[in-house]
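Trainee: Below you'll find the structure I mean.
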Amino acid sequence: QVQLVESGGGLVQPGGSLRLSCVASGSIFGIYTIGWYRQAPGKQRELVADITRDGITNYADFVKGRFTISRGNAKNTVYLQMNSLKSEDTAAYYCNGVVRATAWSPRRDYWGQGTQVTVSS
């Protein structure tokens, strides 16, 4: 079983910063793309940023220049550094990983439980 656990959410004022972390654990043969999605109330879940095992990053237009995604040295951890936060960044942020549990398993999507980010004065 693969688990993704997020941390680092909270309340921050507009213009402030937060750093989200996600740790993948369990039966993991390989982690391919891992990244962050967010979902605001009444809206669909949307991609924020992701990063491949080769370090190629992909960002949504609305976070380019403000957010930075990176992987830890152990490769099972992903971070999202969020700067210049805006009220419209308020959402639940979910970690997503494309993971192969064993050498014989297909790649599958796994999700964390989410961490709330609230940007408000």
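The values are calculated or read from the model by the stated rules, or taken from the named source; none is laboratory data. Computed from a predicted model, the values in this text were never measured in an experiment. Note that each Cβ is placed from the backbone with ideal geometry, even for glycine, and that neighbours are counted across all protein chains shown. For accessibility, only protein heavy atoms count, side chains too; no ligands or nucleic acids. Shrake-Rupley method; radii C 1.70, N 1.55, O 1.52, S 1.80 Å.
Trainee: How many of the residues making up segment 100-109 are open to solvent by 30 Å² or more (accessible area, probe 1.4 Å) and either among the aliphatic types (A, V, I, L, M) or within 12 Å of the chain's Cα centre (by Cα) (or both)?
Mentor: So the answer is 1.
Trainee: Still on this structure, I have one more. Only one of (1) over 18 Å from Gln3 (Cα atoms); (2) among the small types (Gly, Ala, Ser); (3) open to solvent by less than 60 Å² (accessible area, probe 1.4 Å) is not met by Gly72, so which one is it?
Mentor: Single failed check for Gly72: (1).
Trainee: Another question, if that's okay. What's the number of the only condition in (1) without any contact (Cβ under 8 Å) to a residue 12 or more places away in the chain; (2) touching a helix residue (DSSP H, G or I) at 6+ places or on another chain (Cβ under 8 Å) that Val48 fails to meet?
Mentor: Condition (1) is where Val48 drops out.
Trainee: With the requirement that a residue be of a type in the set (A, V, I, L, M) and closer than 13 Å to Glu88 by Cβ, what does segment 27-67 give you?
Mentor: Once the filter is applied, which keeps residues that are of a type in the set (A, V, I, L, M) and closer than 13 Å to Glu88 by Cβ, segment 27-67 yields Ala40, Val48, Ala60, Val63.
Trainee: Then there is this: Suppose we filter segment 100-121 for residues that are of a type in the set (S, T, N, Q) and in a loop (DSSP other than H, G, I, E, B); how many remain?
Mentor: The qualifying residues number 5.
Trainee: Follow-up question, since we're still on this one. From (1) within 14 Å of Leu18 (Cβ to Cβ); (2) in contact (Cβ under 8 Å) with a residue 24 or more places away in the chain; (3) not hydroxyl-bearing (Ser, Thr, Tyr), pick out the condition that doesn't hold for Phe67.
Mentor: The one condition Phe67 does not meet is (2).
Trainee: How many residues does segment 77-99 hold that are in contact with a Ser or Thr (Cβ under 7 Å, 6 or more places away or on another chain), open to solvent by 30 Å² or more (accessible area, probe 1.4 Å) and part of a loop (DSSP other than H, G, I, E, B)?
Mentor: 2
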